[in-house]
Amino acid sequence: MTLLPNLPQNTALLDLLREQGVPQEHGDYVYEGWELHTHPDLVERLEELAPHWPVLATFGMPVLAAKGIAAVVAWGMSMLLVRLPEAPPEPLEPAAPCPPLTDPGQGWYTVSPWQGGLPSAESKRLLSLLVQHALSYAASLSQDDGTV
């Protein structure tokens, strides 16, 4: 079961995550009833970048959402998938693409959660800002006039 709402804005992401998800009840890598498809260190990194934001377990992947719209996914060992109106700023290293979500015009981009070319504090600061930007952008895509 996913906590991420089945909204039109989430359809492409949910379809991809559902396709890759493996139901699992027991074992070392169970994440809310699904096989965890994200390294535990990356789950922790996502929580560090948005410390007071709820992480939604979605078919074995941790997701941040605003107003029910997915904004950030921690994927595998070395990818943050972020929903943005434009590509992430230049100093941030991209991660491998994640088609079809990162195909041109889809509004999703990948970045490395471990920015080796930047000092640790600067990397965390820039990634935290990027995550906040993605959350704000996702909220703007909602038809809901309520709060976050």
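If you go through segment 2-16 and keep only what is polar (S, T, N, Q) and surrounded by 18 or more Cβ atoms within 10 Å (Cβ to Cβ), you end up with THR2, GLN9, ASN10. Across segment 2-12, the number of residues qualifying as touching a residue at least 24 places away in the same chain (Cβ under 8 Å), more than 12 Å from LEU141 (Cβ to Cβ) and either of a type in the set (D, E, K, R) or in a helix (DSSP H, G or I) (or both) comes to 1. Restricting to segment 69-124, and then to whatever is touching a helix residue (DSSP H, G or I) at 6+ places or on another chain (Cβ under 6 Å) and assigned to a strand (DSSP E or B), can you tell me which residue is farthest from ASN10 (Cα to Cα)? If we take residues in segment 69-124 being touching a helix residue (DSSP H, G or I) at 6+ places or on another chain (Cβ under 6 Å) and assigned to a strand (DSSP E or B), then ALA74 is farthest from ASN10 (Cα to Cα).
Would a scan of segment 46-56 turn up a residue that is modelled with pLDDT under 70, touching a strand residue (DSSP E or B) at 6+ places or on another chain (Cβ under 9 Å) and under 21 Å from GLY68 (Cα atoms)? No, segment 46-56 contains no residue that is modelled with pLDDT under 70, touching a strand residue (DSSP E or B) at 6+ places or on another chain (Cβ under 9 Å) and under 21 Å from GLY68 (Cα atoms).
Considering segment 79-95, the residues that are at pLDDT 95 or above and farther than 20 Å from TRP53 by Cβ include one that is surrounded by the fewest Cβ atoms within 10 Å (Cβ to Cβ), namely GLU86. If the condition is being part of a loop (DSSP other than H, G, I, E, B), closer than 20 Å to GLU25 by Cα and either touching a His at 6+ places or on another chain (Cβ under 6 Å) or at pLDDT 95 or above (or both), then segment 57-68 contributes only GLY60. Return yes when GLY60 is under 21 Å from LEU16 (Cβ atoms), among the small types (Gly, Ala, Ser) and touching a Leu at 6+ places or on another chain (Cβ under 8 Å) and no when it is not. It is true that GLY60 is under 21 Å from LEU16 (Cβ atoms), among the small types (Gly, Ala, Ser) and touching a Leu at 6+ places or on another chain (Cβ under 8 Å). In this structure, does PRO119 turn out to be surrounded by fewer than 17 Cβ atoms within 10 Å (Cβ to Cβ), free of Cβ contacts under 8 Å to residues at least 40 places away in the same chain and over 15 Å from ALA65 (Cα atoms)? Yes. Within segment 41-53, identify whether any single residue is touching a residue at least 60 places away in the same chain (Cβ under 8 Å) and surrounded by fewer than 16 Cβ atoms within 10 Å (Cβ to Cβ), and answer yes or no. Looking for residues that are touching a residue at least 60 places away in the same chain (Cβ under 8 Å) and surrounded by fewer than 16 Cβ atoms within 10 Å (Cβ to Cβ), one finds at least one in segment 41-53, hence yes.
The values are calculated or read from the model by the stated rules, or taken from the named source; none is laboratory data. Everything numeric here is computed off the predicted structure, so don't read it as measured data. Cβ coordinates were reconstructed from backbone atoms using ideal geometry, including for glycine residues, and neighbour counts include every protein chain displayed.
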